[in-house]
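Here is the structure we will look at, set down as structure tokens.
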Amino acid sequence: MYTIRNINYEKDTLKIVELLRDEFGNRFSESFFCWKHLQNPFGTSFGLVAVDENDKIIGVRLFMWWQFKINNDIKFAIRPVDTTTDKRFRGMGIFKKLTLQGIDQLTGKYDFIFNTPNNNSLPGYLKMGWQKKLPNVDYYLNFVLPFSTKYDFINLDNVTRIPESGFNTNETNKTLSFVNWRYQDGSYKKAWFTSAKQDCLIIYKVLEKKIAASSINMIIVIDVIGDVANLKKYLKSICKRENCIC
């Protein structure tokens, strides 16, 4: 037998982290959990736990708050994430009940639901009637020419302002607090280009790629905010400074 109740973060955090770590490995630390669910600028995550008769947590389901900018309107979303059930209690429908009860409790507080399930949780969502929709994402590999034009830019540790988005498509509401929260990890680099028309902020990582007996450095573009008209030129400038390809 089990019951479902709302998460009490002060009381439950360490026990939840322990359960999630059994599923996702040691990367799911207490600090990572707090960053993701308590420090999110869109709001503290809503969550439910399933507990046995001794109030031992045997299942957890978290819902992150998210915001999207759609046609200049802010839309509120919930993002079901980080769910697992104690191995001894699987097959009892706990995953489904936690998810459906959470959605029911949040009714009227969001405009839509989205998430990015892994291979383990995807079948459960499809059984509940969810639809799978892949985003339209393009990936490019560009080699930098040594005689290409170079644009000066500043590498930022902390972002103090955000350019207006240069994309017309719907996207996450990239506020200043969101950008500094999402990309606070030291592995992210932030390049600021100043333009007479519109500034540009590019967030990227530098990775080493081994090819046969040698290796090359390459940049992976994570996010672009601002002037996209000159994006290719900006990327070439970053690659020149980082001595790599993109």
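The values are calculated or read from the model by the stated rules, or taken from the named source; none is laboratory data. Keep in mind that this is a model prediction, so the values were computed, not measured. Positions of Cβ are backbone-derived with ideal geometry, glycine not excepted, and every protein chain shown enters the neighbour counts. Calculation scope for accessible area: heavy atoms of the full protein, side chains included, ligands and nucleic acids excluded. Shrake-Rupley method; radii C 1.70, N 1.55, O 1.52, S 1.80 Å.
Rounded to the nearest 20, the size of the Cβ-charge dipole of the chain about its Cα centre is 580 debye, with Lys and Arg at +1 and Asp and Glu at -1. Rounded to the nearest Hz, the phi-derived 3J(HN,Hα) couplings of region 12-27 under the Karplus curve 6.51 cos²θ - 1.76 cosθ + 1.60 (θ = phi - 60°) are 9, 3, 4, 5, 5, 4, 4, 5, 5, 5, 4, 8, 10, x, 5, 4, where x marks glycine and proline. May I ask for the longest run of the chain untouched by GluC sites (Glu not before Pro) that are loop-located per DSSP and have at most 12 neighbouring C-beta atoms (other than their own) within 10 Å? Longest gap between qualifying sites, sites excluded: 54-163. Would you mind classifying region 13-109 by shape? Square roots of the alpha carbon gyration tensor eigenvalues, ordered a ≥ b ≥ c; an a/c under 1.5 is rounded, otherwise it is prolate if a/b is larger than b/c and oblate if not. Oblate, because a/c is 1.5 or more while a/b does not exceed b/c. For the chain, the longest principal axis of the Cα atoms and the long axis of helix 94-105 meet at an angle of about 80 degrees. The residue list Ser45, Phe89, Ile70 was ranked by how far each Cα lies along the charge dipole of region 30-125 toward its positive end, using unit charges on Cβ atoms, and Ile70 comes out on top. Based on protein heavy atoms only, region 1-102 ends up with 51 Å² per residue of surface accessible to a 1.4 Å probe.
List the relative contact order of the chain as a percent without decimals, with contacts defined as Cα pairs under 8 Å and 6+ residues apart. Could you put the intermediate results ahead of the total?
Details: 369 pairs, mean separation 36.6, N = 246.
Once normalised by length, the contact order is 15 percent.
Solvent-accessible area assigned to carbon and sulfur over the chain amounts to 50 percent, based on a 1.4 Å probe. Ser29 sits among other residues whose Cβ lies under 15 Å from its own Cβ, and their net charge, with Lys and Arg +1 and Asp and Glu -1, is -2.
Remark: region 192-205, residue by residue, has Karplus-estimated 3J(HN,Hα) of 10, 9, 9, 10, 5, 8, 7, 6, 9, 10, 10, 10, 8, 10 Hz, where x stands for each Gly or Pro and the curve is 6.51 cos²θ - 1.76 cosθ + 1.60 at θ = phi - 60°. Near Asp55, once Lys and Arg are set to +1 and Asp and Glu to -1 for all other residues with Cβ below 11 Å from its Cβ, the sum equals +1. Largest first, the residues Ile162, Ile74, Ile154 sort by 1.4 Å accessible area into Ile154, Ile74, Ile162.
Could you pull out the pairs from Lys75/Lys233; Lys11/Lys56; Lys11/Lys109; Lys205/Lys236; Lys174/Lys240 whose alpha carbons sit more than 22 Å apart here? Going by Cα-Cα distance, Lys75/Lys233; Lys11/Lys109; Lys174/Lys240 fall outside the 22 Å limit.
Farthest towards the positive end of the charge dipole of region 1-123, among the residues Leu100, Phe28, Phe114, is the Cα of Phe114, using unit charges on the Cβ of Lys, Arg, Asp and Glu.
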